[in-house]
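Below is one structure, written out as structure tokens; comments come after it.
The values are calculated or read from the model by the stated rules, or taken from the named source; none is laboratory data. Since this is a predicted model, take the numbers as computed values, not measurements. Positions of Cβ are generated from backbone atoms using ideal geometry, with glycine treated the same way; all protein chains shown enter the neighbour counts.
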Amino acid sequence: MTQANLHAYSPRRVYSVTPCDGALAFQVRECVIELGPAEATTYAQLAEWLPTVRSVDELCTAVGMDEAKLTRFAAHLGAAGLLYKKADLPAELSGEAFHKAFSEILPSWLSEAFSHPYWQKMMSGLGSKRLYTGWLIELYHYTRNANRHMPLSCAHSREKAIKGLHAKHYAEEWDHYHFFAKALTALGYTRAAIAESVPLPMTLALSNFMRQAAREDILAYSICSAVLEGTTTDRSSYNPFYEACAKLYDVPQEAIRPIYAHLDLDVQYQHSDLFHEVLCKVPSISAEHASRVLDYGHQLVEHIWLWTENIDNYYSNPKSALPRRPFDPFLE
């Protein structure tokens with residue numbers, strides 16, 4: 001047994017850890033693994049050690065196991081799904097195979113992106129019409145900001161077929177912010193006030209992240225777009241939120257119908273299929289490149305969570321301007 005044998009493993013992403021009848025339940029993408037308290041402690045120490053260059057002896061001392069027992073323990077964790085062997089990863093895979101892997105990951109990513117307490121607050125009646133309005137305003141700005149990053153995705157696509165797919169997507173999407181403007185006018189805001197308002201910092205950061213992805217790697221941009229489009233494929237995934245807001249916060253249907261119209265149009269255009277169409281044009285992708293693309297996708301998930309945090313914090317404050325006004329140095 002050598003250090004390389006243990007370093008052959010890497011930890012899987014754990015999305016949550018919850019107590020369960022004296023044990024701890026670790027949620028990974030496709031299942032839940034239960035470990036007793038002692039096993040959970042050893043696993044945590046092993047997972048922390050794996051990315052380091054610390055010696056096996058140091059790890060063995062810390063966990064109180066010899067090398068042979070620790071190796072068997074790592075193998076059991078691998079079989080359970082908490083670790084994986086790096087050698088089992090293919091050196092490269094087809095675009096189709098990569099999309100299949102992404103499709104299996106996406107539901108857990110979306111759960112993470114929309115795990116912010118804002119959603120439970122709104123669905124339970126602890127939110128407000130103001131918070132709903134703030135959400136719409138930032139959706140208006142995010143959708144309008146598509147004009148800041150979608151043209152870059154076309155400009156930086158090297159392959160003509162992929163450039164054409166992104167150009168078509170842009171042609172279908174560029175003016176969809178008008179749906180949100182229409183919903184906001186139903187809440188009493190003028191078109192001028194909406195157009196002159198400015199987005200929150202995280203709304204702009206989300207747009208800027210998309211711009212960065214478009215410049216650096218068109219597949220990275222495409223996966224980010226796929227994550228954002230992933231919530232528009234099924235009415236049952238978004239209807240409950242809007243219907244609850246209508247009932248709980250006296251939001252008129254005129255402020256909801258345009259949102260449904262926009263989402264239905266996305267379904268009609270099959271925007272959620274764009275990433276698959278792009279990857280069908282990719283004969284093969286290296287494991288290293290695939291890893292980088294997936295990292296961009298998960299960073300986008302984190303941006304969505306932080307975006308929601310910014311919306312919740314700003315619009316929960318009754319003193320915050322709604323909509324947010326441009327900075328005026330003379331006023332200041």
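Of all the residues that make up the stretch 147-157, how many are of a type in the set (Lys, Arg) and either closer than 15 Å to LEU279 by Cβ or not assigned by TED's automatic domain parsing to the domain that holds ALA213 (or both)?
0
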Given (1) in a helix (DSSP H, G or I); (2) closer than 26 Å to SER316 by Cα; (3) polar (S, T, N, Q); (4) touching a residue at least 24 places away in the same chain (Cβ under 8 Å), SER108 misses just (2)
Is it the case, given these coordinates, that ASN310 is within 28 Å of TYR189 (Cβ to Cβ), free of Cβ contacts under 8 Å to residues at least 24 places away in the same chain and assigned by TED's automatic domain parsing to the domain that holds HIS149? no
Notebook entry, point to check: Before we move on, is LYS69 of a type in the set (D, E, K, R) and either under 22 Å from PHE209 (Cα atoms) or at pLDDT 95 or above (or both)?
Noted result: no
Checked the stretch 43-70 for anything touching a residue at least 12 places away in the same chain (Cβ under 8 Å) and closer than 13 Å to VAL17 by Cα; matches are TYR43
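Considering each of LYS100, LYS85 in turn, give the residue that is of a type outside the set (Asp, Glu) and more than 30 Å from GLU39 (Cα to Cα).
LYS100
Just the residues that are touching a residue at least 12 places away in the same chain (Cβ under 8 Å) and either over 21 Å from ALA321 (Cβ atoms) or not in a helix (DSSP H, G or I) (or both), please, taken from the stretch 123-145.
Restricting attention to the stretch 123-145, the residues satisfying the condition of being touching a residue at least 12 places away in the same chain (Cβ under 8 Å) are 123, 125, 127-145.
Answer for the stretch 123-145, where residues must be touching a residue at least 12 places away in the same chain (Cβ under 8 Å) and either over 21 Å from ALA321 (Cβ atoms) or not in a helix (DSSP H, G or I) (or both): MET123, GLY125, GLY127, SER128, ASN145.
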Checked the stretch 1-42 for anything closer than 28 Å to SER55 by Cβ, hydroxyl-bearing (Ser, Thr, Tyr) and touching a residue at least 60 places away in the same chain (Cβ under 8 Å); matches are TYR9, SER10
Checked the stretch 87-105 for anything within 21 Å of TYR15 (Cβ to Cβ) and of a type outside the set (Ser, Thr, Tyr); matches are LEU89, LYS100, ALA101, PHE102, GLU104, ILE105
*asked:* Kindly evaluate ASP217 against the criterion of being surrounded by fewer than 21 Cβ atoms within 10 Å (Cβ to Cβ), closer than 30 Å to GLU277 by Cα and either of a type outside the set (Asp, Glu) or in contact (Cβ under 8 Å) with a residue 60 or more places away in the chain (or both).
replied: yes
Exactly one of PRO326, PRO258, PRO240 is in a helix (DSSP H, G or I) and modelled with pLDDT under 90, and that residue is PRO240
- Filter pass, VAL53 being surrounded by fewer than 16 Cβ atoms within 10 Å (Cβ to Cβ) and within 25 Å of LEU106 (Cβ to Cβ): no
GLU288 vs (1) farther than 30 Å from LEU136 by Cβ; (2) in contact (Cβ under 8 Å) with a residue 24 or more places away in the chain; (3) exposed (fewer than 15 other Cβ atoms within 10 Å of the Cβ): all pass except (2)
Listed by range, helices (runs of 4 or more DSSP H) wholly within the stretch 1-81 having at least 2 residues that are within 34 Å of the chain's Cα centre (by Cα) and acidic (Asp, Glu) are 37-49
Within the stretch 316-329, the count of residues that are under 18 Å from ALA195 (Cα atoms) and either in contact (Cβ under 8 Å) with a residue 12 or more places away in the chain or charged (D, E, K, R) (or both) comes to 7
Taking the stretch 82-105 and keeping residues modelled with pLDDT of 90 or more, outside any helix (DSSP H, G or I) and among the charged types (D, E, K, R) leaves GLU92
